[in-house]
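Presented below is the structure to which this report refers.
The values are calculated or read from the model by the stated rules, or taken from the named source; none is laboratory data. Given the structure is predicted, the values throughout are model-derived calculations rather than measurements. Note that each Cβ is placed from the backbone with ideal geometry, even for glycine, and that neighbours are counted across all protein chains shown.
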Amino acid sequence: MKKINFVVAALLVASMVLAACGGGAGAGFKVGEVTDLGGVDDKSFNASAWAGAQQAMDELGVEAKYLESTQQSDYAKNIQQLLDEETNLIVTVGFLLGVDTALAAKANPETNFAIVDYGYPDCWPGAEVGVVCGSDTDIPNVRGLNFQTDQAAFLAGYAAAASTKTGKVATFGGIKLPTVTIFMKGMEAGVKYYNEQKGADVELLGWVTADDDGSFTGNFDSLDDGRSFAESFVQEGADIIMPVAGPVGLGSAAYCQESGSCKIIGVDTDWTQTSPEYTDIILTSVLKKINVAVFNSIKDAVEGNFAGGSKVYTIADGGVDIAAVQGASDELKAELEAAKAALIDGSLTVDGVLE
């Protein structure tokens, strides 16, 4: 009897250890990521999504893989490959995958999907469903992962305005998408708020919300474009630049470092961590914690708690933020904390400042 009790106790301890470690809770559960253009090692949104999947592999025991898209025609093909492999949860990354994700999800209601920077319904009056938009209704097996990055970019814009030596800062995007321009809008509001608070006249180049117009490279992969855009802004007088263009921004960082004429605000991830070679010219980074959103979605799916609809991550729940501002004075740190608190309690809003 003592021997049996010892065996039972040993099994209970082992099960508790496994549970504490995530212990294969997701054993046999398949996760697949379909990247947007730029690849899984873009040090931006694709890489951050994959980091969430890797965390799920480590902590939950799921199986995970990614398929890279090098052109837009790859989206549907890569999604179908994961469906053919009986993947349980498919994570698609980016606005451009909206239509293909909706079509696949509707045709395969038993498979769950999560899409980064998108949500449904996404159609407008007169839009052709499944062609120019994905769905005119909610899709119950799709979770949209969205981020109020304008809130974090607001803080970055304030920090840039407080740190510029020339009185001019700049931003530019890759492709003109809402998930890109939301950063630019936030930066504009942050600069404007600084000017209002300090009686200053710092100028932002590259974006005007009122005109819905700004500077865009038209791609997310050309380092040469990143260099040339940064050089052009420097020639116009800017000394701090926020590229919202994935790997394109690394070209800007290289130019700033080599020329010694500008600093960079990173986006999506903390660039001092993902591109540490440029730490000396990085003022701060606007953090969009895609990895957290992806991991949470996988965990919910594994535990049977997955639900469709849109999940918006904000500065209040830590889904967006800025990294430490290099060289910030105690005064600036206090001002940023005060602005963050006001954004959280709603007494300060991006739209309110821009109005």
- Message: As an exercise: evaluate Asp300 against (1) more than 22 Å from the chain's Cα centre (by Cα); (2) more than 26 Å from Gly246 (Cα to Cα) and give the number of the one condition it does not meet.
- Response: (1)
- Within region 187-211, which residues are closer than 18 Å to Ser163 by Cβ and in contact with a Leu (Cβ under 8 Å, 6 or more places away or on another chain)? Met187, Glu188, Ala189, Gly190, Val191, Lys192, Tyr193
- Message: Looking at region 321-337, can you tell me whether even one residue there is under 22 Å from Leu145 (Cβ atoms), surrounded by 24 or more Cβ atoms within 10 Å (Cβ to Cβ) and under 19 Å from the mean Cα position of the chain (by Cα)?
- Response: yes
- Check region 123-133 and report whether any residue there is in contact with a Ser or Thr (Cβ under 7 Å, 6 or more places away or on another chain), at pLDDT 95 or above and not in a helix (DSSP H, G or I). yes
- Note on the structure: Result of the Cβ filter at 9 Å on region 116-134, keeping first residues that are among the hydroxyl-bearing types (Ser, Thr, Tyr) and partners that are surrounded by fewer than 17 Cβ atoms within 10 Å (Cβ to Cβ) and part of a loop (DSSP other than H, G, I, E, B), at least 6 apart or interchain, is Tyr120/Asp136; Tyr120/Thr137; Tyr120/Asp138
- Query: When region 92-122 is examined, which residues are found to be in a loop (DSSP other than H, G, I, E, B) and within 23 Å of the chain's Cα centre (by Cα)?
  - Reply: Gly94, Asp117, Tyr118, Gly119, Tyr120, Pro121, Asp122
- Query: Hey, does region 303-310 have a residue that's of a type outside the set (D, E, K, R), free of Cβ contacts under 8 Å to residues at least 40 places away in the same chain and assigned by TED's automatic domain parsing to the domain that holds Gly61?
  - Reply: yes
- Query: Within region 156-270, which helices (runs of 4 or more DSSP H) (wholly inside it) include 3 or more residues that are surrounded by 19 or more Cβ atoms within 10 Å (Cβ to Cβ), modelled with pLDDT under 95 and not assigned by TED's automatic domain parsing to the domain that holds Ser329?
  - Reply: none
- Item | Lone unmet requirement of (1) modelled with pLDDT of 95 or more; (2) not in a loop (DSSP other than H, G, I, E, B) for Ile139 | (2)
- Any hit, region 290-307, residues being assigned to a loop (DSSP other than H, G, I, E, B), over 19 Å from Ala162 (Cα atoms), in contact with a strand residue (DSSP E or B) (Cβ under 8 Å, 6 or more places away or on another chain) and modelled with pLDDT under 95: no
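Conditions (1) modelled with pLDDT of 85 or more; (2) in contact with a helix residue (DSSP H, G or I) (Cβ under 8 Å, 6 or more places away or on another chain), marked per residue:
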| position | (1), (2) |
| --- | --- |
| Ala19 | no, no |
| Gly39 | yes, yes |
| Gln54 | yes, no |
| Ser69 | yes, yes |
- Message: Could you check region 55-66 and list, in sequence order, the residues that are surrounded by 18 or more Cβ atoms within 10 Å (Cβ to Cβ) and touching a strand residue (DSSP E or B) at 6+ places or on another chain (Cβ under 8 Å)?
- Response: Ala56, Val62, Ala64, Tyr66
